[in-house]
Amino acid sequence: MPKNGIKVLKCILTAEYQLMRNNYGVLILVLTVAILNSCSKKDGTTTPIVPPPPPVPGCAVNASPAAGSFVTTTSVNLSWTSVTSATGYDIYFGTTTTPATILVSNITSTNYSFTIPSTVNVTYYWYVQPKNANGNATGCATTVTSFTYIVIQSPPAYGYYVVGYFPSYRNLAEVPDVKFRMTNTVVYAFFGVNASGTLSAPSSPAATIDAVATKARVNNSKILLGINDGSGDGKTNFRNMAASSTGRNNFIKDVMNKVRQYNLDGVDLDWEFPTTSDGTDATFTLLMKELSDSLHRDGRYYLTAAITAGKYAGSIRDAIRNEIFPYVDFFNVMAYDDFSTTTPYRHHSDYALAQTCLNYWLTTRSMPPAKCVLGIPAYGRPSGITQTGTILTYKGILGQGGNPLLDSAIVTAGGFTNYTIYYNGQYTVKRKAKLAKDIANGVMFWEKWQDAIDGNSLLKAACDTIGRLY
């Protein structure tokens, strides 16, 4: 028998011996190795099996921070997807769109934490290059994503708030400058939310937002963009817009564009009203948080909100969650319109209502007092009859003989003749302003044009009570 046949036979016998000690799977392995490594060479030497080298890995996908997102802390954690056959990763990081500096090299995990500089509004770009012994992944610069470091903080408070709404349909020339000096906050009312979920300016306004903003600034008052629903029922367009992240994002982008376009100081949101009965309490909360994040970037713009009086329990009151308190700079509590169409002699906004509303928001709900502003009407309502066409302005009531120191008068309006109307005179406004100074932080008037322009002014009564100079 040739020498090589003897060697093959020895290999087979050796394999059979191994069979007695191992299972069939191991036999196959032993036989294969024996034949290939020991039986194939004529000179008796063996050739070890060398596995093929791993392929060069592909690129990773950046996971966090999300592409184009904001980070609000200098402690950043980068993370990315794991790549098959990669044994390490290099992170390229910098402030250019194609960073060339390696932040860290050949790390084995798929995340990396580090601290960025505290300079705000800097955008950082990064990507990951996987690697192994056979080489580095190529073309990974195309996976670059970015994030921007920002600071979210409320702008500085500016003392006891005296807020006056100015509707677009009022004649600006009929409100003297001194009435603007009496307020430190003017809200232009209103831009509306349209069916597309963005903002629409009022049609054919008597006073444009530019004109009102100019007059406010000349008289050292903040100017806010008032936003209401615009649908006619007070909730449809808000509800539809806020229902999705895309809708909220598009709305907020438009809001920010308008604030910058008109050089405003912020936004007052007047959603009347979100409710727990249709889930808008949740979407309202998300909207306020996201709007706060954008307006409060670098502590630049203010966010305020007009909210329900809080007297009556139910789905509307419960929709204002405590978690929005940190997001909003102050709340205008609409402590008025508590009327009845069937009960006579009932005031729609007396001193007791102010006490009830402030007690609810401040005590029961723990709203920060510095963020609580008491709403006061500059108009009157009758009681016990329909409310259609029956509202009369404060200066209109005085024009029919009403007493500026009292809270009711017999007047004639569109819906009645020689009927009692209930309003806030100077005495009640002074009491409310003092109450708001003692336990809250301001008063709000709906609205400036309705007030008297002489010494009987309600704004004057409030300012004199709290010591505001004008």
Using a Förster radius of 45 Å, what is the FRET efficiency between D210 and T115 based on their Cβ-Cβ separation? Nearest 0.05, please. 0.55
Under a straight-distance cross-link criterion of Cα-Cα below 19 Å, which aspartates and glutamates are reachable from K131, leaving out those fewer than 8 residues away in the same chain? D90
Of E290, E323, how do they rank once you tally other Cβ atoms within 10 Å and put the fewest first? E323, E290
What does the C-alpha gyration tensor say about the overall shape of the range 212-264? Classify as rounded when a/c is under 1.5, otherwise prolate if a/b is larger than b/c, or oblate. oblate
About its Cα centre, how strong a charge dipole does the range 256-409 have in debye, to the nearest 20, once Lys and Arg get +1 and Asp and Glu get -1 at the Cβ? 200 debye
Taking the 0 to 90 degree range and rounding to the nearest ten, how far is the long axis of helix 426-439 tilted relative to the main principal axis of the chain, both from C-alpha atoms? 30 degrees
Is there a pair in K289/K311; K235/K395; K215/K448; K235/K258; K235/K434 whose C-alpha atoms are over 23 Å apart, and which pairs would that be? K289/K311; K235/K395; K235/K434
Let me make sure I get this right: for the range 348-469, a, b and c are the square roots of the gyration tensor eigenvalues over alpha carbons, sorted descending. Under 1.5 in a/c it's rounded, otherwise prolate if a/b > b/c, else oblate. Which is it? oblate
To the nearest 10 degrees, how steeply does helix 280-295 sit against the main Cα axis of the chain, on a 0 to 90 scale? 80 degrees
At 222 nm, what value in deg cm²/dmol follows for the chain if DSSP H runs of at least 4 each add -39500 (n - 2.57) and the sum is divided by all its residues, to the nearest 500? -8000 deg cm²/dmol
For the chain, find the longest principal axis of its Cα atoms and tell me its angle to the long axis of helix 24-33, 0 to 90°, nearest 10. 60 degrees
Could you put L358, L286, L264 in order, starting from the residue whose Cβ has the fewest other Cβ atoms within 10 Å? L286, L264, L358
Please state the relative contact order of the chain as a whole percent: Cα pairs under 8 Å, 6+ residues apart? 11 percent
Among V218, F284, N418, which residue has its Cα furthest toward the positive end of the charge dipole of the chain, with +1 on Lys/Arg Cβ and -1 on Asp/Glu Cβ? F284
How big is the charge dipole of the range 397-456 about its Cα centre, in debye rounded to the nearest 20, if each Lys and Arg gets +1 on its Cβ and each Asp and Glu gets -1 on its Cβ? 240 debye
Sort K289, K179 by Cβ crowding within 10 Å, fewest neighbours at the top. K289, K179
Straight-line reach from K371: which aspartates and glutamates fall under 18 Å, measuring Cα to Cα and dropping same-chain residues less than 8 apart? D265, D268, D270, D293, E323, D329, D438
Computed about the Cα centre, the charge dipole of the chain from +1 Lys/Arg and -1 Asp/Glu charges at the Cβ has a magnitude in debye, to the nearest 20, of 1140 debye
Which of (i) 76, 24, 18; (ii) 34, 28, 21; (iii) 39, 27, 20 is the computed semi-axes √(5λ) of the Cα gyration tensor in Å for the structure on display? (i)
Farthest toward positive dipole pole in the chain [+1 Lys/Arg, -1 Asp/Glu at C-beta], among A309, P377, A461: A309
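Only the coordinates and a few stated rules stand behind these numbers; no lab work does. Since we're looking at a predicted model, the values are computed, not measured. Cβ atoms come from the backbone with ideal geometry, glycine included; neighbour counts cover every protein chain shown.
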